[in-house]
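Everything on this sheet refers to the single structure shown next.
The values are calculated or read from the model by the stated rules, or taken from the named source; none is laboratory data. Note that the structure is predicted; figures quoted are calculated from it, not measured. With ideal geometry, Cβ positions are generated from the backbone for all residues, glycine too; neighbour counts draw on all protein chains shown. Areas reflect the complete protein model, heavy atoms only, side chains present, ligands, DNA and RNA absent. Shrake-Rupley method; radii C 1.70, N 1.55, O 1.52, S 1.80 Å.
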Amino acid sequence: MINLRRFVHTSCRLERGRTAFYNVHQKVTDPAKQDPDYFEKKARELPLDQNYIDALTKLYYEKIGSERDLGLKAADNLILEKTEFGLPRIEKSKTRAKYEDLDVLSNAPESVKKIFSVEMATRKELSQEWKQSLIKSVRQHSLDENSLEMKIAWLTALIRHWSLLVNDIGQETKKKPTWLTHRIWLVINERRKALRILRERNETAFEKTIAALKISYHVPKQPAHVKTRKAWAEAQLKLRVENEKEKRLEELHEKYDKEVEEHKRETQEKRKALNNELDKLAQEMRQIDVIEGKSFETVGKYEPALISSLTETVIHSNLFYHPPPTMTEK
Amino acid sequence: MPKTSVWKTRVGTQILMGKITDITQIGIDRIPCAQVRCQMNEFNIYLKKYFARSFDFWALDKTSLGNIGDTVLIKQIDGSSRPKANVSHAVDRVVFKFGNIVDPVTGRKIFNDTFADEIDLKKVLVEEVVDKPLEEESMLFEERRALQIRRLEQEKEANV
């Protein structure tokens with residue numbers, strides 16, 4: 001008989017489900033994920049049951065999926081801050097930086113001032129204002145144009161401004177402006193490099209800069225394992241087992257300590273009871289001895305004849321006492 | 001003569017200098033230990049050239065002298081004082097602190113190839129010559145510029 005299965009090809013159908021699909025461009029909405037150790041901490045909290053490995057896998061794909069979005073937003077806290085985008089608030093009535101030094105404007109009427117104010121500024125001029133404002137907060141002096149702090153502030157303003165732009169574009173179209181997000185990614189890496197160099201050269205200035213610009217900088221760690229799902233899950237499992245072992249040992253130790261204390265108390269009590277019994281028995285034995293006449297019971301206490309013995313001592317000292325010889329003459 | 005074309009360094013590991021790459025605590029006593037990456041030279045006899053190769057050493061750091069990134073001097077310790085077989089050295093002293101570069105010749109601090117005191121001087125001068133005249137609101141812009149130039153001339157004369 002001809003085997004019909006030879007003519008039915010199922011391999012192409014099987015191909016579709018070979019690799020698990022996960023979205024590498026997941027949108028992150030939870031600001032807690034900005035913590036670089038968030039997923040490792042979550043992995044530590046997973047219950048150790050039969051679904052543990054599956055839960056780890058799920059967590060890993062979530063981690064990988066949100067990496068891109070976090071890379072774009074985490075350092076500037078942009079997941080939490082959806083309205084201002086970390087950009088400084090600039091007064092609407094302020095004259096634009098370009099026209100600040102014009103003497104004519106100081107005496108001009110309000111309507112003219114308004115034309116040259118930030119309120120009427122184009123987007124380009126507004127972004128310049130943001131940049132100037134951030135740069136002013138960290139630069140070394142007013143003529144400083146090439147220090148790392150100034151560069152970092154400029155790049156930060158650029159990143160936040162462009163992120164705001166991406167958000168604005170996202171309101172109108174569903175398509176992601178990759179031409180812009182890619183550039184943000186490049187600028188973020190540029191800033192990361194500048195931050196690294198500044199931290200190497202001048203740590204105090206680095207601390208001041210990231211505090212002023214509200215950048216969260218994490219020292220990049222060398223990965224301890226290969227970046228695959230299996231290796232990550234294995235590393236998490238290993239850590240978990242180690243922690244679990246420590247925890248259980250600690251518990252056992254505490255239990256042991258408690259048991260030792262309990263045992264001590266119990267033996268003390270037992271010893272006391274036995275001693276009491278022994279005393280009782282000794283008393284009974286003595287009474288038997290008394291009844292048999294081998295021993296007798298003492299009643300009362302022996303008092304020596306104090307007065308008579310004292311009188312005797314006094315008489316003796318009167319009769320026989322000689323004072324010790326002294327070296328001095330009387 | 002060794003058969004390989006790469007000769008290991010002839011310098012011993014009694015005293016080494018390197019950068020701290022990792023810090024952990026070991027044992028029940030949690031003794032701080034630092035992983036120090038030291039560069040040692042290897043000589044290639046065909047190329048007649050030394051190549052720098054890094055080796056990692058674990059060093060005891062009982063008083064927690066170093067932080068990650070610091071350049072430290074480490075010295076070998078004898079077998080009896082080793083808490084573990086692979087902890088072969090102890091941190092002697094910190095030579096360069098991380099993020100605090102000091103010129104060894106003059107002893108002055110350096111930020112990005114300029115001395116720190118020069119930057120401070122520049123800050124003071126810019127504030128005196130540029131910023132303060134611009135803050136005076138009673139003057140017109142041209143007058144402020146003139147004041148700036150005057151201040152600059154004064155500073156020049158004072159420092160000649």
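Remark: C-alpha extents of chain B on the principal axes read 79, 50, 24 Å, sorted largest to smallest.
Find the relative contact order for segment B:6-96 and round it to a whole percent, using C-alpha pairs within less than 8 Å whose residues are 6+ positions apart. With pairs under 8 Å counted, the relative contact order is 30 percent.
For the pair A and B, the buried accessible area comes to roughly 1400 Å² in total, with a 1.4 Å probe and the value rounded to the nearest 100. The loop-placed chymotrypsin sites (Phe, Trp or Tyr not before Pro) in segment B:23-65, going by DSSP, that have at most 16 neighbouring Cβ atoms within 10 Å of their Cβ come out as B:Y46.
Interface burial in segment A:93-116, defined as at least 10 Å² less accessible area with all protein chains than with the chain alone at a 1.4 Å probe, covers A:D101, A:D103. Charged side chains reduced to their Cβ positions (Lys and Arg at +1, Asp and Glu at -1) give segment A:186-328 a dipole of some 2360 debye around its Cα centre.
Along its three principal directions, the equivalent ellipsoid of segment A:78-178 from the Cα gyration tensor extends over semi-axes of 27, 21, 10 Å, largest first. For chain A, the C-alpha radius of gyration sits at 2.28 times the compact-globule guess of 2.2 N^0.38 Å, with N the residue count.
Rolling a 1.4 Å probe over the protein chains gives B:R53 an accessible area of about 120 Å². Charge tally around A:S66: other residues with Cβ under 13 Å, Lys/Arg +1 each, Asp/Glu -1 each, net +2.
With an 8 Å cut-off on Cα pairs and a minimum separation of 6 or more residues, tell me the relative contact order of chain B in percent.
Details: 242 pairs, mean separation 25.0, N = 160.
Answer for chain B is 16 percent.
Putting +1 on Lys and Arg Cβ atoms and -1 on Asp and Glu Cβ atoms, find which of A:S133, B:F57, A:L56 reaches farthest to the positive end of the dipole of the protein assembly as shown. My answer, from the dipole projection, is A:L56. Each semi-axis of the equivalent ellipsoid for segment B:110-159 is √(5λ) with λ an eigenvalue of the Cα gyration tensor; in descending order they amount to 26, 13, 7 Å. Within 10 Å of the Cβ of each residue in B:117-128, the mean number of Cβ atoms contributed by other protein chains is 2. Placing +1 on the Cβ of every Lys and Arg and -1 on the Cβ of every Asp and Glu, with nothing else charged, gives the protein assembly as shown a dipole about its Cα centre of roughly 3460 debye.
Just the protein heavy atoms count here, and of the accessible area of the protein assembly as shown at 1.4 Å, carbon and sulfur take up 55 percent. Treat every Asp and Glu Cβ in segment B:110-159 as -1 and every Lys and Arg Cβ as +1, leave all other atoms uncharged, and give the resulting dipole magnitude about the Cα centre to the nearest 20 debye. In total the dipole reaches around 140 debye.
When you filter the GluC sites (Glu not before Pro) in segment A:224-330 for DSSP loop state and at most 13 other Cβ atoms inside 10 Å of their Cβ, you are left with A:E297, A:E329. Applied to segment A:308-319, the Karplus parametrisation 6.51 cos²θ - 1.76 cosθ + 1.60 on θ = phi - 60° returns per-residue 3J(HN,Hα) values of 5, 5, 5, 4, 4, 4, 5, 4, 4, 5, 5, 6 Hz, with x for Gly and Pro. Distance between the modelled labels on A:E251 and A:R44, one decimal in nanometres: 1.8 nm (7 Å Cα→Cβ projection).
For the options B:D61, B:D22, B:D103, a Gaussian network treatment of chain B with springs between C-alpha atoms closer than 10 Å singles out B:D103 as fluctuating the most.
Rounded to two decimals, the Cα-based Rg/Rh of segment A:149-191, with Kirkwood Rh, is 1.04.
With helices as the sole contributors, chain A gives -20500 deg cm²/dmol at 222 nm; each DSSP H run of n ≥ 4 counts as -39500 (n - 2.57), and the sum is divided by every residue. Dipole of chain A computed with +1 at Lys/Arg Cβ and -1 at Asp/Glu Cβ about the Cα centre; of A:A75, A:H316, A:Q171, farthest Cα towards the positive end is A:Q171. Using C-alpha pairs under 8 Å with a sequence gap of at least 6, the mean separation divided by the residue count of chain A gives a relative contact order of 14 percent. Shape descriptor for segment B:6-96: Rg over Rh equals 1.04 (Cα atoms; Rh from the Kirkwood inverse mean 1/r).
Can you work out the accessible area per residue across the protein assembly as shown, with the rest of the protein chains kept in place, probe 1.4 Å, in square angstrom?
75
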